[in-house]
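Coordinate-derived values only; no laboratory data. The shown structure was predicted, so the numbers you read here are calculated from the model rather than taken from an experiment. Don't worry about glycine lacking a Cβ; one is built from the backbone with ideal geometry, like all the others, and counts go over all protein chains shown.
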Amino acid sequence: MRVVPFQTHADGCCLRGAQYLPDGSGPFPTAVLFHGFGATHVEFSSLFVALARRLASAGIAAIAYDRAGHGDSDGDFYDTSVSRDVRHAHDALATIAELDAVDAENLHLVGMSLGAVIASAVAAETDLPLRSLTMWSTAAVFADEIRGGTLQGRSLEPLDTQGYFDFLGMRLGPAMRDDALTFDVYGRAARYPGPVRLLHGTDDFVPVSYAERYLEIYGDRAGLIVVDGADHGWAQVPQRDILLSRTTEFIDDHTRRTETE
């Protein structure tokens, strides 16, 4: 696997990440990876890098980038909102589709946690011909939590009393809360017409019912794999191996192959 830098621009922000390319010459089928809230393009304990290696061994490239205010990208975490991230993702996907190494007719989206919510909205709204959508530990609960005045079980009152919410040592401003009040998680996702795989753990702090609701909107196009003992970050080896193998299998199964491949 070869790793080369990736960058694009959205709303004046430079979004930086990496392209993970198989050996040989492209263009390659490509999976675009959307990280979780407060994470970076490599994900917790390099989970996205592990996925990229498996995909590369199957001849599939991967591209991941830090969203605005995260990792190496421009912007301030304070200004984060899901709608802004969705808007930026459309710009990033347009750039990705034009890359020489990318087969724009063979694009797949993978999202982790809040990245899964973002990926589902992008999949429904893009004009690009996506071939699959994979959602890990989908954080569809975020809108209900915020409307109830909390985020991951903690009160959002500091937004009003001190002007920010302390999320893992980063200042989060009111844009996230204001946006969540009207963000329609399932409505924004519903128009995606392609195949979907959801993977969720029994020990995730996000109830599995939030993943199950996607089955109602996607119908027979979607399948849910519930992994016993897996937590939100897939921080155990056996469960992580299931996540990576079932994701690679799903993307590979929905990748169009030419007669020479």
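So here's what we get for this one:
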quantity	calculated
Additional length obtainable on full extension of the chain from Gln236 to Asp127, 0.36 nm per residue less Cα span	35.5 nm
Fewest-first sequence of Asp252, Asp100, Asp85 by Cβ atoms within 10 Å of each Cβ	Asp100, Asp252, Asp85
Choice from Arg197, Arg213, Arg67 with maximal GNM fluctuation in the chain (Cα, 10 Å cutoff)	Arg213
Percent of Cα-Cα distances greater than 16 Å, calculated over region 129-232	63 percent
Residue of Leu99, Leu198, Leu114 that the Gaussian network model of the chain assigns the largest fluctuation, springs spanning Cα pairs under 10 Å	Leu99
Beta bridge orientation in region 1-104: antiparallel %, DSSP, nearest 5	70 percent
Net lengthening on full extension, Arg147/Met1 (0.36 nm per residue, minus Cα-Cα)	48.2 nm
Residue among Pro27, Pro158, Pro195 with the largest mean-square fluctuation in a Gaussian network model of the chain, springs linking Cα atoms under 10 Å	Pro158
Pairwise label distance in nanometres, Asp76 with Ala190, each label 7 Å out on the Cα-Cβ vector	3.7 nm
Convex hull volume of region 2-253 per residue (C-alpha atoms, cubic angstrom)	113 Å³
Under Karplus coefficients 6.51, -1.76 and 1.60, residue-wise ³J(HN,Hα) of region 143-150 in Hz, glycine/proline x	5, 5, 4, 5, 4, x, x, 10
5 angstrom amide H check on Phe167, placed H, neighbours 5+ away	Leu172
Considering only region 2-253, percent of DSSP beta bridges that pair antiparallel, nearest 5	40 percent
Pairwise FRET efficiency - Phe167 versus Asp203, Cβ, R0 = 25 Å, nearest 0.05	0.70
Additional length obtainable on full extension of the chain from Thr182 to Asp91, 0.36 nm per residue less Cα span	30.5 nm
In nm, spacing of pseudo-spin labels at Ala58 and Glu157 (7 Å Cα→C-beta vector)	4.8 nm
